[in-house]
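Visitor: Here it is: the structure, laid out below.
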């Protein structure tokens, strides 16, 4: 049985974001308040089947993140067939195909949102991925699939890094798709109908076209029309776009009838976003009320800075100090919504280690004007760095 059917309603998940929702960030989020489902960053099927081992690090995850879904992208049905078997062997709970990335380098090649223009190819890719899942579940080995010993050893090392013990249970994983409401115009009805012909477990729909990128407002009326299309098909419909606060979730669910939402940029610098949702469910307060608990931005600076340092420590331990520059965007996102946040954020772009981060925060705390234990004293600012190459 698909894990999707056992999730609470509405489903509230963490949206995949390239270069952002890596194993470290997802782990930090899971510690603070776990979403109902998480996705990896997207990985190209060519990298899974033929790329260097470092490219497989996007498929690292920890047990605390479950259910965890691997997201792949590309345009080769043959490679999707093979990569789907790797996703199964790595113990993921599901496989998601990215058909929504608006990045020029991705979409212009025919991958990501580029597949909206080639629905027949999109369906062929879905069919190939399903065959790969079915063949693996039926007992096909990597050797029989055509993988070379060196590549198989890479997959084994990846499993070892996450502490896997024993063989992966052979089971069929649910297939899902994350996409957009159109390419250069809204064509949600025709596009969703094409996807439904392959009976995916879930369609996650971002309420913008490729042409919009992340500009303007997400079109939730188009998402509502998609909800009407999937009703009674057995496919779940998740909405995505402009979810910044807890109230946004309850409102969108009521307005559109979606089975759930995926939260993307709303979690940047706020890995505690899902905490109040989890607490509300424990209290059995449900999601029909707008009173969902404490807003995710209302944390003290002490708590915010402690989590920031912990996130940085985990990141440095995972990838090493030489790669710490990749953490800088996260450091900047944490610095919003409190007095003098902009000045602190400006200094984060030069931090190169956990030690430097600690020193900078200590200096900030010692300033006479610093207020270190108040909740949001200023309205939260939008993330200054645009998250690209995500659907």
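Visitor: Quick one: which residue in 166, 139 is loosely packed, with under 10 Cβ neighbours inside 10 Å, in a loop (DSSP other than H, G, I, E, B) and in contact (Cβ under 8 Å) with a residue 24 or more places away in the chain?
Guide: Values: 166 fails: in contact (Cβ under 8 Å) with a residue 24 or more places away in the chain.
Just a single option satisfies the conditions, and that option is 139.
Visitor: Condition test on residue 56, is it in contact (Cβ under 8 Å) with a residue 12 or more places away in the chain, in the same structural domain as residue 17 (by TED's automatic domain parsing), within 14 Å of residue 87 (Cα to Cα) and not in a strand (DSSP E or B)?
Guide: yes
Visitor: Do you know which residues across region 37-53 are in contact with a helix residue (DSSP H, G or I) (Cβ under 7 Å, 6 or more places away or on another chain) and either over 19 Å from residue 153 (Cα atoms) or touching a residue at least 12 places away in the same chain (Cβ under 8 Å) (or both)? It would help to see each step written out before you state the result.
Guide: Pass one, region 37-53, residues in contact with a helix residue (DSSP H, G or I) (Cβ under 7 Å, 6 or more places away or on another chain): 38, 40-41, 43, 45-49, 53.
If the condition is that a residue be in contact with a helix residue (DSSP H, G or I) (Cβ under 7 Å, 6 or more places away or on another chain) and either over 19 Å from residue 153 (Cα atoms) or touching a residue at least 12 places away in the same chain (Cβ under 8 Å) (or both), then 38, 40, 41, 43, 45, 46, 48, 49, 53 are the ones that fit.
Visitor: Select from region 207-220 the residues that are surrounded by fewer than 18 Cβ atoms within 10 Å (Cβ to Cβ) and in contact (Cβ under 8 Å) with a residue 24 or more places away in the chain and list them in ascending order.
Guide: Selection gives 211, 213, 214, 217.
Visitor: Is there a residue in region 23-44 that is more than 25 Å from residue 333 (Cβ to Cβ) and assigned by TED's automatic domain parsing to the domain that holds residue 179?
Guide: yes
Visitor: If you don't mind, there's one more thing I want to ask. Within region 70-77, is even one residue touching a residue at least 40 places away in the same chain (Cβ under 8 Å), out of contact with any helix residue (DSSP H, G or I) (no Cβ under 8 Å at 6 or more places or on another chain) and over 13 Å from residue 133 (Cβ atoms)?
Guide: Yes.
Visitor: Somewhere in region 322-335, is a residue part of a loop (DSSP other than H, G, I, E, B), surrounded by 15 or more Cβ atoms within 10 Å (Cβ to Cβ), at pLDDT 90 or above and not assigned by TED's automatic domain parsing to the domain that holds residue 109?
Guide: yes
Visitor: Still on this structure, please answer the following. Mind checking whether some residue in region 102-123 is assigned to a strand (DSSP E or B), under 20 Å from residue 20 (Cβ atoms), under 20 Å from the mean Cα position of the chain (by Cα) and in contact (Cβ under 8 Å) with a residue 24 or more places away in the chain?
Guide: No, there is no match, as no residue in region 102-123 is assigned to a strand (DSSP E or B), under 20 Å from residue 20 (Cβ atoms), under 20 Å from the mean Cα position of the chain (by Cα) and in contact (Cβ under 8 Å) with a residue 24 or more places away in the chain.
Visitor: Among the candidates 8, 35, 16, which residue alone is assigned to a loop (DSSP other than H, G, I, E, B) and more than 15 Å from the chain's Cα centre (by Cα)?
Guide: Going through 8, 35, 16 in turn, the sole match is 8.
The values are calculated or read from the model by the stated rules, or taken from the named source; none is laboratory data. Since the model is a prediction, treat every value here as computed from it, not as a measurement. All Cβ positions, glycine included, derive from the backbone under ideal geometry; neighbour counts span all protein chains shown.
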